[in-house]
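Visitor: Pasting in a structure now, in C-alpha cells, and then I'll have a few things to ask.
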Amino acid sequence: MFYKHNNNYTVESVTSGHPDKICDQISDTILDAYLAQDPKSRVAVEIFGGHGKLVIGGEVTSKGEVNYVKIARDVYKEIGYDDELQISANIVTQSPDIAMGVDSGGAGDQGIMYGFATNETEKFLPKGVVLVHRLAKRLERARKGGEIKWLQPDGKTQVTYVDGKLHTVLVSAQHSPDIKIEEVKKEITEKIINPFLSEEEKKNVKILVNPTGKFTQGGFEADTGLTGRKIMVDTYGGIIPHGGGCFSGKDATKVDRSGAYMARFVAKNLVANGFGKDVLVSVAYAIGMAEPLMIEAVNEKGEDLSEVVKKNFDFRPLAIIERLGLRSPIYRKTATYGHFGRRDMPWERIEKLK
C-alpha cells in the first residue's frame, strides 16, 4: 500500500553543531578512517556525548588502526567547539555469530528499509525537505564565513506546509550572549530566511526565530547527543515510513544503511524513468541471509512496480556494495543535512532502466 506524502506536513533539520549530529559526524569519520585503510572493514561505532564527556563504543573488525579518540577531538573542534572533552572508548570485534552470516554475503542485520523519490523538485525530494536543509546549511555558512559573527554552532530549522503552500518557517539559532534577541530575529529573518522565500511568501509566511527568547547554551553544554537519533532528518522528514535503523557509523554490510541507500537509488530511478511521480520502495532482510525477504515498489497511483525493480536491481548486500561503490570513505559528508538529494553520492546516480 502506498503512503503518499500529503499537502500538510512539517519537517526539520539541524546544524552540524547539534549534539546528535556531532555524534553522527564522529561516528562516520571513524568509519571513513577505517575504510581508507581497509575497504572491507566492518564497523559499527556509536557515540554518546554531553556535558564535557564523550563515550565511543561499538564493534570493529579491520586490518586498519585508527586513533578514534583523536578523530573525535578533531571533529569536535572542526565543527566549531573549543571546550575540552573527557573521552572514553570501548571498541571490540564483531560478534562471531553475526560475522558468520556476513562472511557468506548475508545481511548484517534484520530489518525493514524504505526509499522514496518524488518529481516535486530537482533533487527528487519533497520541497519541504529541500528547503529545511537549505536553511540549516545557510546558518552554518553564515557562521563559518563570518557573515553573522554572533552565530554559534548549534541550531535547528523547521518548515510547515499547509495545503501545499509554505505556512511557517522556524529557525532556532545559537548565539553569543551579548547580542540582543531583536537583532537575532532581524538578521536571521533578513539573511537566512528571506533569500529562500518568494515575494508572496514573505508577505504571508509565519516566521518564528528563537521562540524561547534566547539560545546561548548549545551543543554538549546544553544537551546530550547520540549517534542515530536524527533518522528523520537523515531521510525524508517523517513524511514516509522509516524502518528505524540509523546510518552513521555503520559500514555497508549493515543493511540499515546499504538497504536504505539502495531503496532510495531504486525509487529515484523509477521516478526519473517515468514509472511514477512519487515512488516508495520497501525491502526487508533476515540477518545472515543475502536474498531479501521482501521487495516492494509502488507509485502514487498504487501501481505495483516490483517486477521492474527485480528486473533492474539486485538487493543482495554484496551486490549493493559493488553497484554503489560503498566500500569507499565517503560517509562523513552524509552525516549532516540529509543523506539524500546529494549529487555526489552514488545512490543519487540516474541510470536508464530496461
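The values are calculated or read from the model by the stated rules, or taken from the named source; none is laboratory data. Quantities reported herein were computed from a predicted structural model and do not represent experimental measurements. Don't worry about glycine lacking a Cβ; one is built from the backbone with ideal geometry, like all the others, and counts go over all protein chains shown.
Visitor: In the range 132-240, which helices (runs of 4 or more DSSP H) lie fully inside it and hold 3 or more residues that are surrounded by 15 or more Cβ atoms within 10 Å (Cβ to Cβ)? Before you say what the answer is, go through the steps one by one.
Guide: Numbers: elements: 181-187, 199-204, 219-222, 231-234.
So the answer is 181-187, 219-222, 231-234.
Visitor: Just to verify a result, which residue in the range 18-57, among those that are out of contact with any helix residue (DSSP H, G or I) (no Cβ under 8 Å at 6 or more places or on another chain) and among the small types (Gly, Ala, Ser), is farthest from Ile87 (Cα to Cα)?
Guide: Ala36
Visitor: Mind checking which pairs have a first residue in the range 239-260 that is within 13 Å of His339 (Cα to Cα) and assigned by TED's automatic domain parsing to the domain that holds Leu318 and a second that is assigned to a helix (DSSP H, G or I) and among the β-branched types (Val, Ile, Thr), Cβ under 6 Å, 6 or more apart or different chains?
Guide: Taking only residues 6 or more apart or on different chains, the pairs are Ser258/Ile320.
Visitor: Enumerate the pairs (first residue in the range 294-307 and part of a loop (DSSP other than H, G, I, E, B) and exposed (fewer than 11 other Cβ atoms within 10 Å of the Cβ); second residue anywhere and at pLDDT below 95 and hydrophobic (A, V, I, L, M, F, W, C)) with beta-carbon separation below 7 Å, excluding pairs fewer than 6 apart on the same chain, so at least 6 apart or on different chains.
Guide: From residues that are part of a loop (DSSP other than H, G, I, E, B) and exposed (fewer than 11 other Cβ atoms within 10 Å of the Cβ), the pairs are Gly302/Phe2.
Visitor: Here's another thing I want to ask about it. If I ask for residues that are part of a helix (DSSP H, G or I) and under 29 Å from Gly146 (Cβ atoms), which ones from the range 47-89 would you list? It would help to see each step written out before you state the result.
Guide: Going through the range 47-89, the residues part of a helix (DSSP H, G or I) turn out to be 68-79.
Those that are part of a helix (DSSP H, G or I) and under 29 Å from Gly146 (Cβ atoms): Lys70, Ile71, Ala72, Arg73, Asp74, Val75, Tyr76, Lys77, Glu78, Ile79.
Visitor: So Phe48 passes all but one of these: (1) modelled with pLDDT under 95; (2) surrounded by fewer than 18 Cβ atoms within 10 Å (Cβ to Cβ). Which condition number does it fail?
Guide: With (1) modelled with pLDDT under 95; (2) surrounded by fewer than 18 Cβ atoms within 10 Å (Cβ to Cβ) applied to Phe48, the lone miss is (1).
Visitor: Checking the condition outside the structural domain of Arg332 (by TED's automatic domain parsing) and out of contact with any Gly (no Cβ under 7 Å at 6 or more places or on another chain), which residue from Thr227, Thr235 passes?
Guide: Step by step, each of Thr227, Thr235 is checked, and only Thr235 is outside the structural domain of Arg332 (by TED's automatic domain parsing) and out of contact with any Gly (no Cβ under 7 Å at 6 or more places or on another chain).
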